[in-house]
1. For the charge dipole of the chain, defined by +1 on Lys and Arg C-beta atoms and -1 on Asp and Glu C-beta atoms about the Cα centroid, which residue among L364, I462, M252 has the Cα displaced farthest towards the positive pole?
2. Considering Cα pairs under 8 angstrom that are at least six residues apart, work out the relative contact order of the chain and quote it in whole percent.
3. Mind listing the long-range amide H neighbours of R294? Cut-off is under 5 Å, sequence gap 5 or more, other chains count too, H placed in the peptide plane at 1.01 Å from N.
4. When only C-alpha pairs under 8 Å and at least 6 residues apart count, what is the relative contact order of segment 304-498, in percent?
5. To the nearest 20 debye, what is the magnitude of the charge dipole of the chain about its Cα centre, counting +1 on the Cβ of each Lys and Arg and -1 on the Cβ of each Asp and Glu?
6. For every helix of n ≥ 4 consecutive DSSP H residues, a contribution of -39,500 (n - 2.57) applies; sum these over the chain, divide by its total residues, and give [θ] at 222 nm rounded to the nearest 500 deg cm²/dmol.
7. Please arrange C196, C76 by how many other C-beta atoms lie within 10 Å of their C-beta, fewest to most.
8. Take the Cα pairs of segment 86-164, get the Kirkwood Rh, then feed it into Stokes-Einstein at 4 °C and 1.567 mPa s and tell me D in µm²/s.
Amino acid sequence: MSPPVTAADLAAFDAALAVAAREDLAIFAQYVLRDEESGDEIDLQPYHLDLLDRLALGAPFPENEHAPKSARKLVCTAHVESGKTNLGIALALWTLGRNPRSRIVVLSETLAVSDKIVSSMAKYISDPNFEGHKALRRVFPNLAVGDTWNAQKGYFVVRPSGIKDPSFVAAGLDTGILGSRIDLLILDDILTLRSCATVYQRKQVLKALDGTLSGRLAKKGRAQVVLFCNAQYDDDPGAVLGARPGWSTYDMTVTCDGTPTGKSNWPARWPQERIEDEFANNPEAPTLLLCRRRKTGTYGRFTKAMTDAALESGRGMEMRVPAEDIPEDVVVCIGVDFAFTQTKKSDRSAIAVVLRYPNGRRELTHVVAGKWREAEGVQQLAEVVRAYPRHRIRAESNGAQRWIIENWAEKLGISIEPYHTSGSKWSPVNGIPAMAADFQLGRWIFPCDTFGAPEPVVRELIEELHAFDETSHTGDLVMALFFADGLARDSKPFSYFVTSMGESIIPPTDPEVPVVAPTPAAPAPPPEPVPSWSVGDMIGGGMFGFQ
């Protein structure tokens, strides 16, 4: 009969595990990782441990200097709800514990996403009440909070002096990267249906990644790059990078053999019944669960299928919805693309009015374009403002257009939000390609008759969308739609400019918002409080912010 296990035995076993975890990433992850809500250990499966062994081979340590280059650059394509993010957190913490000099960057589609990942990493190091923190200190007792510890400047652990870059920091495609050199680059949730919706967007994301890989990675060949992604398209950045020399790939499929009927790789989270239900009811299951990338066609950004879906959603609906029929929680977004010359080759002016619903859907309700002289342009905008007194207006403010905005705002007694495009209209996050993602997701409504035929100007808009390309001029109607869509994108929580022709405006409460408006002739009564609203893409900016 075996002797009973004593508390001393358990303590000795725990100490032995902690020592082993310093050298073995798979043991480290099993020992340290916790569910942040319950504090329980995370149930790692064989395919998690197998991937962790692969990651350890490429970790940025001197002993891995002679490892194959492909060990240091890995594309991990995973099924949804696979736990891949936790594996990246384990790799980052293990790397820092073994080498506090390490500089780690987590890059996601947006800074908000990577901030959540980095905040989780920080919790393991800084929160003494967290069980994961206690386990981490038993493995690496010297891994502790340094002098600087915040999301803005980055997180610095205790380490030798002379290293200016953060120990770890978050970044997004919509921001820059803080610091100059990277030892471990974790790319997680960077390839989404939104960022990869079109060929153009996929190329732009790849271009941004290539710029980061070529200019940021630490020298001496030790830097490690791991791309955690879900399958999107057969030409997405994950597929392209994985096919390059010097890169390796790892697929985390929901079943052991990568087939719909195979044994589950994670029975507790993905029981066979759940897998069978997904394949029976979700046509996207092969992509979401088996990492089978969607096959691409010949279309680029706005495909015929996208615009056909918008027309189908608007079948039998009428344009120019009366203002009194628009619910209070719907935002009226007016986009204006001004032109200020009337030559044969000059652009047209265009106005698009979009209704933005609480669920994120957009309904085109008015669109018009023409080579208007100033008086005609003012009249066109005046008619729209009278039709929709509860609205927000955005217009391009490049060059002489700024003067037009100021002049027209003064004449009409309205507020117009200026937007400086620069290169921002090409951004896959805030630009026209991002608008294509909402078409892809079926969020647009283009009214048409019961036979599916739209008004001529809407048909012209659709043709401009199909022709949208970075190598050619962007159509005037598309630009007006883009400005309206930008308002729809940042109109949560809701806020309106309420105007009537000839009366003073009610401005927003946010002092950061650059609004061009005339000075009221007489003092107006104090406005009632209006919820603040985001203007993330109001002034444009660089495409990704990468230096």
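Only the coordinates and a few stated rules stand behind these numbers; no lab work does. As the structure is a prediction and not an experimental result, all values here were calculated from the model. Virtual Cβ from ideal backbone geometry, glycine too; neighbours counted across all protein chains shown.
1. M252
2. Values: 1053 pairs, mean separation 79.2, N = 547.
Contact order relative to length: 14 percent.
3. Amide H neighbours of R294, under 5 Å, 5+ apart: Q232, Y233, D234.
4. The value is 35 percent.
5. Numbers: 58 positive and 69 negative charges, 400 e Å.
Dipole size: approximately 1920 debye.
6. On the way: 17 runs with 191 residues, N = 547.
Per the formula, -10500 deg cm²/dmol.
7. Numbers: C196 28, C76 25.
The fewest-first ordering by Cβ neighbours comes to C76, C196.
8. Details: Rh = 12.9 Å.
In µm²/s, the coefficient is 100.
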